[in-house]
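The values are calculated or read from the model by the stated rules, or taken from the named source; none is laboratory data. What you see is a predicted model, and the numbers here were worked out from it, not measured in a lab. Positions of Cβ are backbone-derived with ideal geometry, glycine not excepted, and every protein chain shown enters the neighbour counts. Accessible surface is based on the protein model in full, side chains and every heavy atom, while ligands, DNA and RNA are left aside. Shrake-Rupley method; radii C 1.70, N 1.55, O 1.52, S 1.80 Å.
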Amino acid sequence: VANKIDSMQDENLYNELVAQGIDFPEIVTAQALLETGHFKSYACLQQNNLFGLRDNKGRYMSFPHWTDAVAAYKKYIQRYNHPVPEDYYAYLQELGYAEDPQYIDKLKQIVNK
């Protein structure tokens, strides 16, 4: 049952990313899976934060609905370079998106599953 729920969540997220005009929705879906531990993290469950987005003071942002986190991702992550560069992995690396030095490799593993 968990895999079925996870795949439904993945599909719903992917569809919302496309609907909101997010570039590279496959990679951004992988980011949500990685950042939330497959939608199980506190930030996801209590704050509807799918991407580990933080405010200027370093606190996790909170959203009324998970679709608001998608809108915030577009605003804060993809707005600066639209269209986003073709090498989205390099773009995320340049942004310093994650502290984990293996972050890009982990994203690629999820995308290639």
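Shown for the chain: lysine pairs separated by 8 or more places, or found on different chains, whose C-alpha atoms are under 29 Å apart, numbering 20. Charged side chains reduced to their Cβ positions (Lys and Arg at +1, Asp and Glu at -1) give the chain a dipole of some 340 debye around its Cα centre. Across the chain, Cα pairs under 8 Å and at least six residues apart give a relative contact order of 23 percent. Across the protein chains, with a 1.4 Å probe defining accessible surface, the residues 106, 57 rank 57, 106 from largest area downward.
Once you divide the Cα radius of gyration of segment 73-113 by 2.2 N^0.38 Å, the number left is 1.19. Per residue, the Cα convex hull of segment 22-111 amounts to 93 Å³.
Nonpolar atom fraction for the chain, defined as the carbon and sulfur part of the 1.4 Å probe accessible area, stands at 50 percent.
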